1. Given the structure, is Leu31 in contact with a Pro (Cβ under 8 Å, 6 or more places away or on another chain), closer than 30 Å to Pro129 by Cα and modelled with pLDDT of 55 or more?
2. Specify the residue that is nearest to the chain's Cα centre (by Cα); the eligible residues are those in the range 35-60 that are modelled with pLDDT under 80, not hydrophobic (A, V, I, L, M, F, W, C) and not in a loop (DSSP other than H, G, I, E, B).
3. Counting only residues that are closer than 14 Å to Trp74 by Cα and of a type in the set (Lys, Arg), which one in the range 84-125 is most open to solvent (accessible area, probe 1.4 Å)?
Amino acid sequence: MGVGWWRLGGKSPAPTPEPIESGGDPSPQDLSAPGTYGPDDPGGGPYDEVTGVRDWYNPTPGKTQVDETVDRPWTDVLNHWHAIELDLDANGHDIESGLLNARTWRWLKLRIDHYASTPGTNLWDALHPKAV
């Protein structure tokens, strides 16, 4: 291999590249930086050459993890009542009409659970603030 190719030593918490042949650039390279292992590499933790994956990845700016599961107390969810109200209204459920007096708690809970787990609803957006 030619000058400038780097050999990585397996998984380690602080990987440091070593020049394969003498004459290579001895300055350290930031292996956690985005793009280190290809144009689609978001950067992150230590890289395993055998599997081709990192231990963890940097979050994509402006996006949240859709597949995350978060257990929250109901008080945290109900603190976003304005978002629940907007979602109910957007789905044709006017709570000012006395609807909640005519429905069961189970009916409301199912809808709140749905709004909390559906990206794009007001409640989901309130519970999953966008990354900066």
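The values are calculated or read from the model by the stated rules, or taken from the named source; none is laboratory data. Everything quoted here is computed from the prediction, not taken from an experiment. Reconstructed Cβ throughout: ideal geometry from the backbone, glycine too, with neighbour counts over all protein chains shown. With ligands, DNA and RNA removed, areas are computed over all heavy atoms of the protein, side chains included. Shrake-Rupley method; radii C 1.70, N 1.55, O 1.52, S 1.80 Å.
1. On the way: in contact with a Pro (Cβ under 8 Å, 6 or more places away or on another chain): yes; closer than 30 Å to Pro129 by Cα: yes; modelled with pLDDT of 55 or more: yes.
When the stated conditions are applied, Leu31 passes them.
2. Tyr57
3. My answer is Arg106.
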